[in-house]
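Undergrad: There's a structure below that I have some questions on.
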Amino acid sequence: MSDRLNHIARAIATQFRRATRRLTSLMGAVSCVGMLTALWLSLICQASLAQPMPPLDESLNRAIHEIATKQAVDVREFQALLQEFVAMLNTNESRVAQFVPRVATPERVDRLFRMPEVARLPKTVRENGLIFAGQAGSTLMTFDKPSDVVAKVSFWFPAEMDSARSRDDRLAINLYGPFKNWAVEPATFMALWNCMPTEVWLDPKANPFRNRLGKPKFMSIRGNGSQDTDFGECVRARNGYYGVYTNEEAAQLAEQLRLMAGRVVPHLQNKFANFLQTNRCRGSGPDDCVLLLHLWASLTADDPRLARMLQSLETDVALNAPLPAMKMPFDGSNPHFEAGAERFDAVWRRAAFLRAKLRSILSGSDAWPKEALRESIGQIIVLQKLLEGPYASRFDYADLDYRAPAISPWRVLYTELRVRETGPNGLPPEILEWVPRPRDGVTLRRVRAAVLEALSDMEGIADCRVVKPWLTPELATEYALSRLGISRDGSAPSCAQPDWPWLKAGASEAAVLERTRYLDYLQAANSKSRDEVLSQLANYGDDCFGKQKGSLPDWQQRLCSRWIHEPATVQLTLKNSKLRLDKSRQFRQFVSQAPRDGGNGIADQRAWLSSLAQGMPGQASTHLAAYAKELQDKGQVIDVVNLWRHPGHSRALFELHMAGGDCATVLLLLTPHGVQKVFVPPRISQRSVCHTDIVRVSDLDQDGRLEVWWTPESWGATRFDACTGDDGDLRRNLDCSAIDQPAEMAEIDGAALTYFVNNRQSRSETPTEEVWTSSENLYQFAKSPDIQVVGLTPACNRILVGSVLYQKLGIAEWSENASAGREVMELACARHPIHPDQTIVALFHELAGATGPNDVYRAGFVVAVIDIQRKRVLSIYRSEIEEDGGTRIRGGGGLRLDTARYHLTPNVRAFGVRMSIAYSPRYAEGGSSDQLTLFVEEGNKLRPVLSDLAMSSWEMLDSNGCFDQPENSELPCVIEDQTRTLALAPSSTNGWRDLELTTMTTQRDSGVPGKRQVEKTLRYLKNKYE
């Protein structure tokens, strides 16, 4: 009777456990109380706690007999042990601590798992059998170092480990535990297995910090997200975690994990300390000293023993040792060439050490000297310099913060500064796990001071995307101000750009205080850096003139009143200063080609350049001769000089175009007292690649600070001078309705161009030997056959151009024989850059049969070099262009010449034709314009060597709101603009200079600075650039 009753009880208990698991998944654990009668309650619960042994399947029984025979153990004892393993497999994880082992004693479990044949048992049986190794008395999970953990798991799961390593599968082995009834040693064993980076056991012979592109870096086996790349967080929150279904169960588990971590963490600290004290940095793979220090710092950064160990082992880590050589040169086209190179792996290992060091220092440990923080930041800077070089084009692949935030030292500093300034709520959630948890802590002031001191070494860094996160708005802006005065181009250091919107908004006391410092700085600033500050605080001058009077904040009104009296783009009559650029005040332009007399060109250059200052007062000629000698000593050769002088002014402006094809232009101010090289700020110099369009020079307020005038981007110098204001304008078919033409203007202040300030009423006394009246003919101009006086005669006179081209083209506008077409649709002209007596012409003209097959509209396209005086066509190129869905010729406004110095070979200089005839339909999601074609002269022909290169384009990145009705305008419409520039590269192909195409990418109306990157290099292949 009792046997039958026991059998019935076991059957009911089995059904009860199955029902409980199903109910748990739907509605939580359900107590047996109230579900069964009181009569059965005691019997069922007793049977459940007795863990009835499930039957073993045939294959498992066969494995048991084979192992028992080979190891000479009792088969029945072995079967009973395995039955208990299977019973554990069927036990819910929440009830493991209540499981009472009857057969699975520490001795039996240890003996079994030390047998090599244990690997023949099913994987799930082994995984559940190891749960019994957590009980007190078991020595199976004892260890001294991480490699012991890896070795033991590899012994227990050899086939599974081989499979995991071959497939790079970190989830191939799943060990359970620790559970709350476990001893501390096995619980610590499991903490290492659960939380150490999977790279460590997937490839224990390799550098644990190796770069694995496309793989999660330092993700633990328990990893579900970025929080699980932090070892300390994993030990505290994931070691022993299992699934729960109710809030009550979650609270119980959280308390269980907290208590478990309280026992495991000190034990791990001791393990790390003991091993490193004995072995220092002799370990490798899982026992790499840097890995252990990294894990230790993540676990308890404030441990004084960690601080002492870091200082003791720093010499062993050898942060300054030479890096392994590059195995394969990096050419920028394939970022994977050096993805796994030992060179970069070594850098990543050093980064992990510096991260541990920085976390220890920031924790406030007294074991560190005072200068440790500054020195560690300096070490990070040096490390970044080592890392970035070969990845100038594709920096993201070597960016620690991008590829491996878990070992990035920059991330630690980033969070420290952000949390200290803004509090945890100022950080995104994915960052918070790296926030140091200081005791007394390092004050924010000390962190800021250390960063500012170390930043002085940052000037050599080419790409600062990694270190920029260090810099909060206040810190970056403070540092930038300290560096503005010593910057070569007057701009802030690339690694610490001021947060100009933060300064202008002045939303905090710190922002207002820092802005006041910048405004005070303007008084003492050199003209280079002053222009940068003014441009940013006044939005390139637009803020001073784009609002109603009185609407500007007080600080900005004071800035504009003192430093910016006219906008950057003006009319020939200055609206605010009431000054006009009439002909009497304009400096006259002279163009002089450098002499080329055999091999003595440099010596001739010196004499030639000195002669251009003849007739100027004081020692002007002597000073120019000295500058010419300086150029001679450096081996620099001038190609062409544009000279601007006025017969009633003692100062002159020289624009030197240097030879060599590197697009170098030098602007010189020559006075009776010396030569001053004039810096052109980026807001002006970036407007073109190799040339400027200076159209006027003046001194309207007679203060000796010359004004330099440029044509706007949409104009050319030729068009600016085309309108003379007489009846001939109409006959030449020119649109001269606005005789007062727009121009961009800046004033020379000291050594740089900057915004115009009217000093007519307040200018100081004129220096000795100087006259700034611009009214009297006091000085003679140089007389030389090499100098061409440039007047205001239009270079694009349609009648004069037609008088040369009419015979070649046969256009009705110019010829009675209208066989080629009726009218010129668009015309662009420019002086030849090498031969000023020649004119380059580009035009579209109508064709006699304007439409071709399928009613496609066609137009003639002509480029020619002509000599108007001799009425000769020197060279010409003719073709036809068809309109299609992406091209519109009719409408005009799309043709201009580019005479930048494209020195493609020592004897070949190309010029360009730009046409904006691309057309984008209404619902297009992208388009291009400003197509550039480069021509070279070959006898009486012009040959295109580069065709239809789009220098401007746009693309919709998010078009959801771009085509909607106004009521749906809140949807995003994100448009990216790409502006390209072409420059000569230092390399050559087939004897022709390569061309480097650089792209500036910006998003419209985003306020985000553009990103500049080299898109590609064009090489001369098969008689053209590809």
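None of the figures in this text is laboratory data; all of them are computed from the coordinates on show. All values reported here derive from a predicted model rather than from experimental measurement. Here the Cβ is made from the backbone with ideal geometry for all residues, glycine too, and neighbour counts use every protein chain on show.
Undergrad: Pairs Lys583/Lys871; Lys205/Lys271; Lys152/Lys357; Lys70/Lys145; Lys634/Lys1016: which are spaced more than 24 Å apart, C-alpha to C-alpha? Don't skip to the answer; put the middle values down first.
TA: On the way: Lys583/Lys871 30 Å; Lys205/Lys271 21 Å; Lys152/Lys357 31 Å; Lys70/Lys145 32 Å; Lys634/Lys1016 32 Å.
In this structure, Lys583/Lys871; Lys152/Lys357; Lys70/Lys145; Lys634/Lys1016 exceed 24 Å between Cα atoms.
Undergrad: According to a simple spin-label model (label point 7 Å from Cα along Cα-to-Cβ), what is the distance in nm between Ala449 and Glu93?
TA: Placing both labels 7 Å along Cα→Cβ, they lie 4.9 nm apart.
Undergrad: So, R0 is 35 Å and r is the distance between the beta-carbons of Glu976 and Val591; what FRET efficiency does that work out to, to 0.05?
TA: Numbers: r = 41 Å, r/R0 = 1.16.
Result of the calculation: an efficiency of 0.30.
Undergrad: On to the next question. So who's got an amide H within less than 5 Å of the one on Val695, skipping anything under 5 residues away but keeping other chains? H placed 1.01 Å off N, in plane.
TA: Trp709, Trp710, Thr711
Undergrad: Could I ask something else about it? Using the beta-carbon distance between Asp74 and Ala254 and R0 = 60 Å, what value does 1/(1 + (r/R0)^6) give for FRET efficiency, to the nearest 0.05?
TA: Working: r = 44 Å, r/R0 = 0.73.
For Asp74 and Ala254, the calculated efficiency is 0.85.
Undergrad: So how far apart, in nm, are the two label points at Ala321 and Arg62 if each is 7 Å from Cα heading toward Cβ?
TA: Label at Ala321, label at Arg62, 5.4 nm between them.
Undergrad: When you count, for each residue, the other Cβ atoms within 10 Å and take the mean per peptide, how do 636-645, 258-267 rank with the highest first?
TA: Values: 636-645: 20.5, 258-267: 16.8.
Result, highest mean Cβ count within 10 Å first: 636-645, 258-267.
Undergrad: Something else now. I'd like the FRET efficiency for Met1000 and Arg870, computed as 1/(1 + (r/R0)^6) with the beta carbon distance as r and R0 of 60 Å, rounded to 0.05. Kindly include the intermediate steps, with their values, before the conclusion.
TA: On the way: r = 43 Å, r/R0 = 0.71.
The value I calculate is 0.90.
Undergrad: How large is ³J(HN,Hα) for each residue in region 140-147, as worked out from phi by the Karplus curve 6.51 cos²θ - 1.76 cosθ + 1.60 (θ = phi - 60°), to whole Hz, x for Gly and Pro?
TA: The phi angles translate into 5, 9, 6, 7, 10, 8, x, 4 Hz.
Undergrad: Expected output is a single nm value to one decimal: the length gained when fully extending between Lys1024 and Glu770, i.e. 0.36 nm times separation in residues minus the C-alpha distance. What is it? Working shown, then result.
TA: Values: separation 254, 0.36 × 254 = 91.44 nm, distance 5.34 nm.
Residue separation times 0.36 nm, minus the Cα-Cα distance, leaves 86.1 nm.
Undergrad: Further, regarding this structure: Rounded to whole Hz and in sequence order, give me ³J(HN,Hα) for region 938-947 from the Karplus expression 6.51 cos²θ - 1.76 cosθ + 1.60, θ = phi - 60°, writing x for Gly and Pro.
TA: With the stated coefficients, region 938-947 comes to 9, x, 9, 10, 10, 10, x, 10, 9, 10 Hz.
Undergrad: Additional query: Amide H to amide H under 5 Å from Asp749: which residues, 5+ apart in sequence or cross-chain, H placed 1.01 Å off N in plane?
TA: Here the answer is Thr754, since their amide H atoms fall under 5 Å of that of Asp749.
Undergrad: Which order do the peptides 742-754, 184-196 take when ranked by the mean count of other beta-carbon atoms within 10 Å per residue, highest first? The partial results should precede the final answer.
TA: On the way: 742-754: 21.2, 184-196: 23.9.
So the peptides 742-754, 184-196, ranked by packing, come out 184-196, 742-754.
Undergrad: Turning to a different aspect of this structure: Taking H as built 1.01 Å from N, whose amide H comes closer than 5 Å to the amide H of Gly926, not counting residues under 5 places away?
TA: Met956
Undergrad: Residue by residue through region 648-653, which ³J(HN,Hα) values in whole Hz follow from phi under the Karplus form 6.51 cos²θ - 1.76 cosθ + 1.60 (θ = phi - 60°), with glycine and proline marked x?
TA: With coefficients 6.51, -1.76 and 1.60, one gets x, 10, 8, 10, 9, 10 Hz.
Undergrad: So, by mean Cβ neighbours within 10 angstrom, what's the order for 290-297, 377-384 with the highest one leading?
TA: Top of the packing list down: 290-297, 377-384.
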